[in-house]
Amino acid sequence: MSASSSGIQLQALTKTFGPIHAVDNIDLHLPANRFVCLLGPSGCGKTSLLRLIAGLESPDSGTISFEGSDMTAIAPHKREIGMVFQSLALFPHLNIADNIGYALKIRGEPRDAIEKRVTELLDLVRLPGVGKRAISQLSGGQRQRIAIARALAIRPKLFLLDEPLSALDAKLREAMQVELRQLQKNLGITTIVVTHDQREAMTMADHVVVMKSGKILQHGAPLDIYRNPANAFVADFIGTSNLITCRVKDAGTVEANGSTFTIEEIPTTLSEGDEAVLSVRPEEVLFADPNKSENTLEATITFIRDLGSQVEIMLESAGQELMVTMSPKDRPDVGQGDLVRLHLPAAASKVIPK
Ligand code: ATP
């Protein structure tokens, strides 16, 4: 099988609900055995896309292939998919073991084989020996693990999860993100998770798909997207960025807030005179000597947030809000209301289309 036919291939995939284009003519190849996060703001079409892949919705047009086979018209239960829903949808009247073994029982597998598989899965999600307990006796994080074990019971080829951690508190959620990532690494199963939390996506995924209004704005390795966002929306959605309106002067410089900035690389799609956005991550911005003029701008400090492990300094420059972050040991001797000069290093400054 060629590299392009392994994994999932979506072609011209469209799903509308009345006038809403929930999934709008999407072409996408997701490589096999990856941990993929569908990421985007509420209503951008993440769940619709996941449900199309699962077969729980039918597309208006387009195709979905898995490992080179067209599965657009295949019924959900024949797609060999394990799915975890936001609500978990565990059966309250069945005990833990029966919840996990449910799909195997429906398939008519022998009782001892089901028992063996349930034991294996309980070990996998690190809850050995709890099979006889009721679902109501579990904590939120434990329920999450049982839902994962249940979805994996049939040894699916594709593991789909829709906002699986959204009901958990922040600490448990972060722990489960790491656990889910480890589990996927150990099993090597192609996994797609829907989330609107960019930190969650950066923690778990080796392939992130950023969506907006039913379309894919950018996809790839999380750090590549963080370092080279395709547009201002992605730059702002994946992490925080200072987004400064600018105008392209020539192949190596832009003008912003009345100052000229040298840039290492300006996209070839932009020409002289075009309006664009100068994007610099908060951790890359430096406090400059007041006499330095190259790649600098003046800004007034509006607020300083001291978080203990990190200092966040909010500023305003020509009507635009900016942020600089640093470790407490690098904090400059400045206070709210001070007029300061910021340096935007050329290597860390990206010019992106508006
Ligand atoms: P969220 O993060 O809020 O769950 P999402 O990115 O998963 O959002 P979808 O649930 O896929 O987005 O919805 C995409 C668009 O399609 C939204 O405008 C939504 O209102 C609409 N939509 C989704 N399902 C239906 C449906 N069954 N009937 C009508 N409209 C729907």
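The values are calculated or read from the model by the stated rules, or taken from the named source; none is laboratory data. Note that this is a predicted model, so its numbers are computed, not measured. All Cβ positions, glycine included, derive from the backbone under ideal geometry; neighbour counts span all protein chains shown. Protein only, heavy atoms only, side chains kept; ligands, DNA and RNA dropped before computing areas. Shrake-Rupley method; radii C 1.70, N 1.55, O 1.52, S 1.80 Å.
Descriptive notes on the structure:
- Residues that are more than 16 Å from the ligand (Cβ to nearest atom) and in contact with a helix residue (DSSP H, G or I) (Cβ under 6 Å, 6 or more places away or on another chain), drawn from segment 26-72: PHE35
- Considered as a group, the residues in segment 180-202 that are buried (at least 19 other Cβ atoms within 10 Å of the Cβ) and away from the ligand (no atom under 16 Å from the Cβ) include one that is farthest from ASN25 (Cα to Cα), and that residue is LEU183.
- Against the test of being assigned to a loop (DSSP other than H, G, I, E, B) and among the charged types (D, E, K, R), the options LYS116, LYS132, LYS105 yield a single qualifying residue, LYS132.
- Output for segment 5-25, where each listed residue is of a type in the set (S, T, N, Q) and within 15 Å of the ligand (Cβ to nearest atom): THR14, THR16, ASN25
- Looking only at segment 203-219, and only at residues there that are within 12 Å of the ligand (Cβ to nearest atom) and outside any strand (DSSP E or B), the one that is surrounded by the most Cβ atoms within 10 Å (Cβ to Cβ): GLY214
- Condition check for SER259: surrounded by 16 or more Cβ atoms within 10 Å (Cβ to Cβ) and either in contact (Cβ under 8 Å) with a residue 24 or more places away in the chain or under 23 Å from the mean Cα position of the chain (by Cα) (or both): yes
- Entirely in segment 1-84, the strands (runs of 3 or more DSSP E) that have 1 or more residues that are among the aromatic types (Phe, Trp, Tyr) and open to solvent by 60 Å² or more (accessible area, probe 1.4 Å): 8-17
- Filter result for GLY239 (within 21 Å of MET326 (Cα to Cα), at pLDDT below 95 and small (Gly, Ala, Ser)): yes
- Summed over segment 137-149, residues that are open to solvent by less than 20 Å² (accessible area, probe 1.4 Å) and part of a loop (DSSP other than H, G, I, E, B) total 1.
- Residues of segment 150-162 that are farther than 13 Å from ALA89 by Cα and either crowded, with 19+ Cβ neighbours inside 10 Å or within 16 Å of the ligand (Cβ to nearest atom) (or both): LEU152, ALA153, PRO156, LEU158, PHE159, LEU160.
- Listed by position, the strands (runs of 3 or more DSSP E) contained in segment 249-342 that have at least 1 residues being under 18 Å from LYS354 (Cβ atoms) and touching a Lys or Arg at 6+ places or on another chain (Cβ under 8 Å) are 253-256, 275-280.
- Count of residues meeting criterion [touching a residue at least 60 places away in the same chain (Cβ under 8 Å), over 19 Å from GLY7 (Cβ atoms) and not in a helix (DSSP H, G or I)] in segment 150-196: 9
- Residues of segment 220-248 satisfying the condition of being within 16 Å of the chain's Cα centre (by Cα), β-branched (Val, Ile, Thr) and not in a helix (DSSP H, G or I): ILE238, THR240
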